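Here is the structure we will look at, set down as structure tokens.
Where a number appears in this text, it was derived from the coordinates with a stated rule and is not lab data. Note that the coordinates shown come from a computational prediction; the quantities given were computed from them, not determined experimentally. Quick reminder, even Gly has a Cβ in these numbers, built from the backbone with ideal geometry, and neighbours come from all protein chains shown.
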Amino acid sequence: MSTKENGKNAGNTQPKKKKFAGGNINLQGKTFELNLSRDCVHQYAETVKAIADYVGREYTHGGDIRFIIENLQDYNFVRLPDLPNGANQYEIESWKKQLDMYWKRRGMYMDNKMKLFSLIWGQSSKTTQSKVETHLNFATCKNDYDSLGLLKILREFVF
């Protein structure tokens, strides 16, 4: 049986190009692809949602990071008020413990923002990374691991 009869083109022996799936398998192929297709906006929204869901589940205090993804602004931590004059020993110890938890959560938040930068970057195709690298604010974002700035740059290219 000839290749024409078989429905196959003998001259086309190149393998199909594999679709970019991103660096995190838990995101199930949700990636940032800046291209001219009509699906670009939908793909951006789906990828942002998948990342928000993932960090909300997997990161310590992931809700703080989910907040910045969904609102494109930093989470507003509220510091404890100062102790009133005449506080007893129990109130002082309780206040110290709460203040310690506040600072640990702030530190975790900063670490998570840096991890988020790497997650977003890993879910961006090489073409997308090349386009994003041309943005005026990208060098600062990269140096600071500013995940919020990176999300804003991606959004700017999409919309």
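Numerical summary
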{"item": "Dipole magnitude of the chain about its Cα centre (Cβ charges: Lys, Arg +1; Asp, Glu -1), debye to nearest 20", "result": "820"}
{"item": "Value of [θ]222 nm, deg cm²/dmol, for the chain, DSSP H segments ≥ 4, -39500 (n - 2.57) each, nearest 500", "result": "-19000 deg cm²/dmol"}
{"item": "GNM flexibility winner over the chain from Asp82, Asp111, Asp64 (Cα, springs under 10 Å)", "result": "Asp82"}
{"item": "Within region 31-72, trypsin sites (Lys or Arg not before Pro) in DSSP loop having at most 10 other beta-carbon neighbours inside 10 Å", "result": "Arg38"}
{"item": "Candidates per trypsin sites (Lys or Arg not before Pro) in region 71-159, loop by DSSP, up to 15 other Cβ within 10 Å", "result": "Arg79"}
{"item": "Near-label residues of region 89-129 by backbone N, under 20 Å of a point 7 Å along Cα→Cβ of Phe157", "result": "114-129"}
{"item": "Calculated FRET efficiency for the pair Arg38/Asp111, C-beta based, R₀ 22 Å, to 0.05", "result": "0.05"}
{"item": "Whether the chain is rounded, prolate or oblate, judged on the alpha carbon gyration tensor where a/c under 1.5 counts as rounded", "result": "prolate"}
{"item": "Nitroxide proxy distance, nm - points 7 Å out along Cα→Cβ at Lys19 and Tyr102", "result": "4.8"}
{"item": "Under 5 Å, built H, 5+ apart or other chain: amide partners of Phe32", "result": "Ser124, Ser125"}
{"item": "Extreme residue, positive dipole direction of region 59-159, given options Phe138, Trp121, His61 (C-beta unit charges)", "result": "Trp121"}
{"item": "26 Å Cα-Cα threshold exceeded, pairs from Lys49/Lys115; Lys49/Lys96; Lys19/Lys113; Lys19/Lys115; Lys126/Lys152", "result": "Lys49/Lys96; Lys19/Lys113"}
{"item": "Helix 40-58 vs. the chain, principal-axis angle (Cα, 0 to 90°, nearest 10)", "result": "40"}
{"item": "Rough spin-label spacing in nm, given labels placed 7 Å along Cα→Cβ, for Gln129 and Asn85", "result": "6.0"}
{"item": "Region 105-159, dipole about Cα centre (Lys/Arg Cβ +1, Asp/Glu Cβ -1), debye to the nearest 20", "result": "160"}
{"item": "Among Leu80, Leu119, Leu148: highest mean-square fluctuation, GNM of the chain, C-alpha pairs under 10 Å", "result": "Leu80"}
{"item": "Farthest toward positive dipole pole in the chain [+1 Lys/Arg, -1 Asp/Glu at C-beta], among Trp95, Leu150, Leu83", "result": "Leu150"}
